[in-house]
Amino acid sequence: CDPGCGRPKPKHHKRKPTPKPTPSPSPGTCPRDALKLGVCANVLNGLLNKTIGTPLKEPCCSLIQGLADLEAAVCLCTAIKANVLGINLNVPVSLSLLLNYCGHEIPRDFQCA
């Protein structure tokens, strides 16, 4: 008898492939390209300098439209910190102005750090 004769052949268990979950943006991240938010500088300049007329909401507000307040805050915070707006800013005031103007609120306990 050959070595192993009389022993049952080992069964190979096939592993079922585990489905990969679809990634969703985690809270505290910006699902938009923050560099595109540089267009918000015109809106912010109009709000801060009280220029004649109302600053245009587009395209700035449309970039954060549909985002949760936290996501919108993170996006604008990132843009402000990266200075893509091209102006020196008081971060909390600027962030609050832009978010409110675009119909968002700063989430409680959110800090643009």
Taking segment 69-95 and the residues there that are at pLDDT below 90 and among the small types (Gly, Ala, Ser), the one that is nearest to the chain's Cα centre (by Cα) would be Ala79
All conditions in (1) open to solvent by 40 Å² or more (accessible area, probe 1.4 Å); (2) modelled with pLDDT of 90 or more are true of Pro107 except (1)
Exercise for the section: Look at Gly66 and say whether it is surrounded by fewer than 19 Cβ atoms within 10 Å (Cβ to Cβ) and at pLDDT 85 or above. Expected result: yes
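The values are calculated or read from the model by the stated rules, or taken from the named source; none is laboratory data. Owing to the predicted nature of the structure, the values given are computational and were not obtained by experimental measurement. A quick note on method: Cβ atoms are made from the backbone with ideal geometry, for glycine too, and the neighbour counts reach across all protein chains shown. To get the accessible areas, we keep the full protein, side chains included, count just its heavy atoms, and leave off ligands, DNA and RNA. Shrake-Rupley method; radii C 1.70, N 1.55, O 1.52, S 1.80 Å.
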